[in-house]
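Below is one structure, written out as structure tokens, with a few remarks after it.
The values are calculated or read from the model by the stated rules, or taken from the named source; none is laboratory data. These numbers were taken from a predicted model, which means no experiment stands behind them. Methodologically, a virtual Cβ is constructed for each residue, glycine included, from the backbone with ideal geometry; neighbour enumeration extends over all protein chains shown.
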Amino acid sequence: MDLIIGDHAPDFELVNQFGQNVKLSDFRGKKPVVIVFYPLSFSGICTGELCEIRDNFAKFENENVELLAISVDSKFVQKQFAEHEGYKFSVLADFWPHGAVAKAYGVFLEDAGISNRATFVVNKDGELVAKFVTAPGQARSLSEYDRALASL
């Protein structure tokens, strides 16, 4: 499925690093959501990207945005990753069924068994207002988040 701007974001429910269920539709009518798919926890580029978000988290807080980072790693890996790096946002496990949420968003790389680097910005009504995807091995720029947040 190739999502386009204006589509309703596919709903999902995943477990975060604290073992809590996080459901996208729970934010509908309350706050926008930025969904950040990344291939694997503890890998170089992924860690760098999420640490850059962590270090600039005020951008998201100022916009009253919920940030959800998602990879195919288990909740146990996510817990260690989030604690090790000091992430204040939810790090979700798209572990089982393996990559189901990434597949729903059209960013699962079947041959590798991981998601691509992709970001989706969802407004309070649950509609996709911005998205950007980079090639495997290519980090996202923080300026792309600035442009995406401006679309809210």
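Of note:
- Taking first residues from the stretch 126-149 that are closer than 14 Å to V33 by Cα and partners that are modelled with pLDDT of 95 or more and part of a helix (DSSP H, G or I), the Cβ contacts under 9 Å between residues at least 6 apart in sequence or on separate chains come to G126/L24; G126/S25; G126/F27; Y145/I53.
- Entry remark, the stretch 74-93: residues being closer than 20 Å to G113 by Cβ and touching a residue at least 40 places away in the same chain (Cβ under 8 Å) number 6 in total.
- Selection of the stretch 3-12 for residues being surrounded by fewer than 17 Cβ atoms within 10 Å (Cβ to Cβ) and either closer than 16 Å to V72 by Cα or of a type in the set (A, V, I, L, M) (or both) yields I4, I5.
- Scanning the stretch 32-46 for residues that are more than 15 Å from the chain's Cα centre (by Cα) and more than 24 Å from E110 (Cα to Cα) gives no hits.
- Among residues that are farther than 24 Å from A112 by Cα, in contact (Cβ under 8 Å) with a residue 24 or more places away in the chain, β-branched (V, I, T) and surrounded by 15 or more Cβ atoms within 10 Å (Cβ to Cβ), V15 is not included.
- Residue count for the stretch 15-29, restricted to those that are among the hydrophobic types (A, V, I, L, M, F, W, C) and in a helix (DSSP H, G or I): 2.
- A search for C-beta distances below 9 Å between a residue of the stretch 27-48 that is in contact (Cβ under 8 Å) with a residue 60 or more places away in the chain and any residue that is of a type in the set (D, E, K, R) and assigned to a helix (DSSP H, G or I), counting only pairs 6+ apart in sequence or on different chains, returns V36/E49; Y38/E49.
- You will find that of A93, A139, A82, the residue that is modelled with pLDDT under 95, of a type in the set (A, V, I, L, M) and more than 20 Å from D7 (Cα to Cα) is A139 and no other.
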